[in-house]
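Data first, discussion second: the structure below is written as structure tokens.
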Amino acid sequence: MTMADTRQRWKENSAKYVSTLVNLDEPQVVMLDHGDDAKIIGVAINKEGYDNPFLGAEISFTQWERYNRQFVDLHYLFLLPKWKRWYIFDLDALDENNRIPLKRAQEADYRNEKYLPAQGLFWARSHTEDDPVFEASLEVVSQKFLIDGTWDPPDISQFFARINDIYSFFLGIGKFLSEKTNLDQKRALVNAFTDNTLHSGFNYVNFYGDLKGLVTFGERLAMPAIVKQSPGFVDVEGKATTLNEVAEALANFDKKQDAIKVEYNMLRKFLSKSKLLKAGHIDKLDRNDPIFRFIREHNKTLSESLGVDVGPIEKLTGNVLTTAKILLAHYRRLERYHMFFVEGRARYKSVAASTPSTAARPGA
């Protein structure tokens, strides 16, 4: 066996200690790093022959994100770990390299109800120490909305859907502009903005659906709490910078809605009269063509009124007509979202202090 083989085997049979997630006098839940897309989450157990024994489940980073966002409980991670591997390890065996030896667990161990965490334990709510890698990549905050009046289940669903559409729109543009977004992800975003479903008219459902499909669990919008009464509240959780963009877009719409409506009607009326609302791309139009120039000019005017930078959208679509239809769709989403606030049924309460800016918000 070569030295390289020996090092690889040592790496596979050990894992790097990352953090103690829950400490109640002694560590109860810990996190180990086991490679590129492998983390081991461990829970303290009682087992003879060990000083400080733990049962660990090898999960993927996506599962770790889902756990941290409380889409799944701790019990789920031990039942269905992505890599279908479980380990027994001794926390006291931590060496000078911050690594812990691993031993593959037997089925009698990882199916032992006495070892498994109880169902319904969402420990992510009370971690005493967080994974610094996860925290740095997430930047999630909670936004509280006060609600009043009568809300039925479809209203709650529509309210969240409107926020989610606008959130996905801004997040998609932000990801396209980010240096952290790889080439494949940027191509996927371009496809979302120029998909074949747009060629014979603009399919808004597919567009926003495609954008939501490109969101990772770490960026995903969630509704962790709802208290449906008069008054009550709704908590929405998501990426801080993007939630702030949604708040700023609504505040701008609330302030300039009449002027924005004029620009929207002018552009939409022109596309309708020109029979372009259901038409495909017009890439072959010369830049000096009056139709091309009218659409591009009014795309710029409408986007400025909406507080949206049209430049990235033009780069994503490569087409003035598709850009126009996206702006019209964005306007309608904002208008329907804004109506909940106009009706007095919703208003912003607060956003976490870590949110970068503090734009004025309707109803604040």
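Odds and ends about this structure:
- Peptides 314-325, 259-270 ordered by average Cβ neighbours within 10 Å, highest first: 314-325, 259-270
- Reachable aspartates and glutamates, given that their alpha-carbon falls under 19 Å from the alpha-carbon of residue 103 and they are not under 8 places away in the same chain: 5, 12, 33, 48, 51, 58, 90, 92, 95
- Note, ³J(HN,Hα) from phi for segment 333-342, Karplus 6.51, -1.76, 1.60, rounded to Hz, x at Gly and Pro: 4, 5, 4, 6, 5, 4, 4, 4, 7, 4
- Listed from fewest to most Cβ neighbours within 10 Å, the set 14, 230 follows the order 230, 14.
- Out of every Cα-Cα pair that segment 3-136 contains, those further apart than 24 angstrom amount to 23 percent.
- Segment 280-346: projected area of the alpha-carbon convex hull, averaged over directions, in nm²: 5.2 nm²
- Whole-number percent relative contact order across segment 3-136, with pairs defined as alpha carbons under 8 Å at least 6 apart: 26 percent
- Values of log10 I(q)/I(0), in the order q = 0.08, 0.12, 0.13, 0.17 Å⁻¹, for segment 140-351 under a Debye, Cα-only, solvent-free model: -0.29, -0.65, -0.75, -1.21
- Hz values of 3J(HN,Hα) by residue in segment 294-311 - Karplus curve (6.51, -1.76, 1.60), Gly and Pro given as x: 5, 4, 5, 4, 7, 4, 5, 5, 5, 5, 5, 5, 6, x, 10, 7, 6, x
- Put in line by how crowded their Cβ is, counting other Cβ atoms within 10 Å and starting with the fewest, 223, 339, 31 read 339, 223, 31.
- Centroid-to-centroid, using Cα positions, segment 308-335 and segment 16-36 are 45 Å apart.
- Calculated from backbone phi, Karplus (6.51, -1.76, 1.60) coupling profile of segment 143-156 in Hz, x at Gly/Pro: 10, 9, 10, 7, 10, 8, x, 9, 10, 9, x, x, 5, 4
Any read-out appearing in this document is the output of simple, stated calculations on the displayed coordinates, not a laboratory observation. As the structure is a prediction and not an experimental result, all values here were calculated from the model. Heads up, the Cβs are rebuilt from the backbone with ideal geometry, glycines too, and the neighbour counts pull from every protein chain shown.
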